[in-house]
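**Student:** Before we start, here is the structure in question, set down as structure tokens.
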Amino acid sequence: MKIHTILAAATAAAIATTAIAHEGATGIVLERMKAMSAMREAVKEMTPMMRGQVQYDADAVRAAAQTIESHAGQAMIELFPEDASREKSYAKDALWQDFDRFADLAMQLETQTRGLALAAANGLGGDQGGSGGMMGTSSMMGQDTSAMMGGASGDTLSAEALADMPADAVFEKVSQTCSACHTPYRTKPE
Amino acid sequence: MRVLTLVSAAAGLAALGLVAVIAWPVGSVPAPIELTGDSQRGAYLARAGGCIACHTNWDEGGPPLAGGAPLETRFGTFHPPNLTMSASAGMGNWTITQFARAVRQGVSPDGASYYPTFPYAFYANLTDQDIADLWAAFQTVPAVDTPAPDNEVPFPFDQRWGLKLWRAAFLPAPRTEPVEGKSDPWNQGRWLVEGVTHCGACHTPRNIAGARVMAQKFTGADALPGQDKSPAITPDALAENGWTRDDLAYALQSGIMPNGDTFGGGMGEVVRHGTSFLTDADRRAIATYLLDEDG
């Protein structure tokens, strides 16, 4: 009996915590907050490995990448229907005004995380210097002024092309896509 | 009668004052720059300085430096101009001296003051070599002959002479000079943060005239373009929010915060098009200076 009471209290507390964390969001808005939280946790799990702070674990990276992939693409697009309540949401109106671009970014995230799962076994790229990975392909590294001055960035590589790259370089592309979408379409939580 | 005389005298004086302000030349003509520029270093500075981030319309897939996404402010909507070498729409007819004056002093080739949405105040201490490097880098960008739209700035802010008064009242000199007794990374961070990467443009609140309130430096702002807001980045505020030097340097590279979330708002753009292109050493220098740690 006592155990039941404790369990019930713990469950209630957990539900309450979730509700507080999401500031009373319900329905599809709560669903997408849960999806975003799952992706955030996956990024948080991979980050120390990508930074070389903890032992790299290809299986863990693959699993985390697949978690994000499962919430990206069509699954993400469907969580943002035009007619959904926008109350208690961090999404800006710009997302619906510019829906095609949002959908492109959602699909790009899916492609990139599929690529990351394939690239997980490649491990880290080692010491490639500051901006290499982010400037697109390795041939652009540090040499090509056109990339540095704003030229093509290689954001639209296929999963198969990404599969040949070091995992940390693909991971950086994934995080850039998260940020590229948060920049125009998410308001600040506080 | 007497009152009328006084009023008309005052009006006359005011008109005379206005004429004087309109005619008042701002800035100074820099000495000729005859240095050879390094376009690679210039491109690096253009990344660090936000030229590429702000003057490229990334959302619309616009060509590099051909004009940026509009900045919606409480003074009006500003369109970052085309900085390609197009003679008709960009800087194709400029001299390097005019470029130096624009960047370091915020004065256009025809002598007009730029609006402070262009953070020229932070670029004032760039050396002639920095300017020559930047100028060399801009030469490598394909020219685009489409000009950026005109700013949509309602009266009275469309009166550019008003900016001369603004400059006289509010233009702070950047504090980029090295501080003795501090480490090299700290001083390099100071050069970047206080100067070219212009963190204070968004992280320092602005007064009713749109000038930074230096007494509240880096305490965050809530009236940024597009109704964006920025957090405090004082050493205390950063430490309180759990930022370490490593975390901060990594966030400037990746956009990833310690909790696994990624930057949105203006900072997402700053990282994606700016600080992610810097060297690890420079990102660590920025973090060292902001957290006020030893090198």
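**Student:** At 0.36 nm per residue, minus the direct Cα-Cα distance, what do B:E180 and B:D236 gain on full extension? Give it in nm, one decimal, please.
**Tutor:** 17.9 nm
**Student:** Order these by the 10 Å Cβ neighbour count, fewest first: B:Y115, B:Y123.
**Tutor:** Starting with the residue having the fewest Cβ neighbours, the order is B:Y115, B:Y123.
**Student:** Set the Förster distance to 51 Å, then compute FRET efficiency between B:D145 and B:L35 from the Cβ-Cβ distance, nearest 0.05.
**Tutor:** Approximately 0.95, to the nearest 0.05.
**Student:** Given 0.36 nm per residue, what is the gain on full extension from B:Q216 to B:A10 after removing their alpha carbon distance, in nm?
**Tutor:** Answer, rounded to one decimal: 70.4 nm.
**Student:** Please give the charge dipole size of segment B:185-250, origin at the Cα centre, charges +1 on K and R Cβ atoms and -1 on D and E Cβ atoms. Round to the nearest 20 debye.
**Tutor:** Result for segment B:185-250 is approximately 280 debye, rounded to the nearest 20.
**Student:** Just want to confirm a number: the relative contact order over segment B:39-170, from Cα pairs under 8 angstrom separated by 6+ residues, in percent.
**Tutor:** Over segment B:39-170, the number comes to 30 percent.
**Student:** What is the magnitude of the charge dipole of segment B:39-170 about its Cα centre, with +1 placed on the Cβ of each Lys and Arg, -1 on the Cβ of each Asp and Glu, and no other charges, expressed in debye to the nearest 20?
**Tutor:** Result for segment B:39-170 is approximately 440 debye, rounded to the nearest 20.
**Student:** Relative to the longest principal axis of chain B, what angle (0 to 90°, nearest 10) does the C-alpha long axis of helix B:128-139 take?
**Tutor:** Rounded to the nearest ten degrees, it is 90.
**Student:** Cross-link list A:K92/B:K217; A:K173/B:K182; A:K173/B:K229; B:K164/B:K217: which exceed 32 angstrom alpha carbon to alpha carbon?
**Tutor:** Those over the limit are A:K173/B:K182.
**Student:** While we're here: Name the shape class, rounded, prolate or oblate, that the alpha-carbon gyration tensor gives for segment B:39-170, where a ≥ b ≥ c are the square roots of its eigenvalues, rounded holds for a/c under 1.5, and otherwise prolate holds if a/b is larger than b/c and oblate otherwise.
**Tutor:** oblate
**Student:** Further question on the same structure: Local charge sum around B:D133 (other residues, Cβ-Cβ under 13 Å, Lys/Arg +1, Asp/Glu -1)?
**Tutor:** My count for the surroundings of B:D133 gives -1.
**Student:** May I ask for the angle, rounded to the nearest 10°, between helix B:2-23 and the longest principal axis of chain B, with both axes built from Cα atoms and the value confined to 0 to 90°?
**Tutor:** Orientation of helix B:2-23: about 50 degrees from the principal axis.
**Student:** Out of B:Y123, B:G68, B:P149, whose Cα points farthest toward the positive end of the dipole of segment B:39-170 (charges: +1 Lys, Arg; -1 Asp, Glu; placed on Cβ)?
**Tutor:** B:Y123
**Student:** Of the peptides B:172-184, B:233-245, how do they stack up when ordered by the mean number of other Cβ atoms within 10 Å, highest first?
**Tutor:** B:233-245, B:172-184
**Student:** Label-point separation (nm) for B:L18 and B:D292, each offset 7 Å from Cα along Cα-to-Cβ?
**Tutor:** Each label point lies 7 Å from its Cα, and together they span 4.7 nm.
**Student:** Let me ask another. Around B:T288, with a cut-off of 15 angstrom between Cβ atoms, what is the net charge of the other residues, counting Lys and Arg +1 and Asp and Glu -1?
**Tutor:** -4
**Student:** So, one more: Arrange the following residues from fewest to most other Cβ atoms within 10 Å of their Cβ: B:R272, B:R190.
**Tutor:** So the ranking, lowest neighbour count to highest, is B:R190, B:R272.
A short reminder: the numbers here are calculations on the coordinates, not readings from a lab. A quick note: this is a predicted structure, and the numbers were derived from the prediction, not measured. Backbone-built Cβ (ideal geometry, glycine too); neighbour counts: all protein chains shown.
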